[in-house]
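Rule-based calculations on the coordinates, nothing more; no lab input. Values in this document were obtained by computation on a predicted structure and should not be read as measured data. Glycine also receives a Cβ, built like all others from the backbone with ideal geometry; neighbour counts cover every protein chain displayed.
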Amino acid sequence: MSRNHVAGCPNCGERISFKRFVQLYNFSATNCGHCNARIEISNRTGNTIIAAVSGILSGVSVVYGAYLGQRLFDSLILGLFAGIAIGALLITVICKIIYRRSRLLGRTPSQRISEAARAA
């Protein structure tokens with residue numbers, strides 16, 4: 001995969017905005033603004049693992065920041081703010097990495113209709 005890859009519609013290749021991609025989670029879907037294809041996450045297990053790791057890292061940074069702030073500067077608030085800032089930075093970096101390495105699954109409206117007809 002190229003380094004400049006960004007998330008896009010699997011059907012038409014139209015780029016998906018970062019904000020829209022971040023709002024797309026394992027059990028949701030969105031529609032492409034260009035071809036109206038339904039776009040879902042295809043690597044759900046990988047995204048679950050990445051979300052767990054980013055949650056743990058951000059939690060550890062908040063707790064460790066509070067500990068260091070209290071220990072070194074006698075200020076719990078300063079440590080908490082530093083930990084929250086580091087946690088937010090870590091989550092943003094992880095989201096950008098996921099955005100560049102994402103795999104999406106797309107289905108056009110006609111494919112959805114035919115799947116619904118087969119299920120009925």
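In this structure, the amide hydrogen of N31, modeled 1.01 Å from its nitrogen in the peptide plane, lies closer than 5 angstrom to those of I39, counting only residues at least 5 positions away or on a different chain. 3J(HN,Hα) along the range 59-72, derived from phi through the Karplus expression 6.51 cos²θ - 1.76 cosθ + 1.60 where θ = phi - 60°, amounts to x, 5, 5, 5, 5, 5, x, 5, 4, 5, x, 5, 6, 8 Hz, with x in place of Gly and Pro. FRET efficiency for the pair F27 and L80, taken as 1/(1 + (r/R0)^6) with r the Cβ-Cβ distance and R0 = 25 Å, rounds to 0.20.
Determine one quarter of the surface area of the Cα convex hull of the range 42-92, which equals its mean projected area, and express it in nm² to one decimal. If you can, show how the numbers build up before the last one.
Values: hull surface 12.9 nm².
Average projection, Cα convex hull of the range 42-92: 3.2 nm².
Each listed q (0.11, 0.18 Å⁻¹) maps to a log10 I(q)/I(0) for the range 1-75, found by the Debye formula over equal Cα scatterers with no solvent: -0.46, -0.81.
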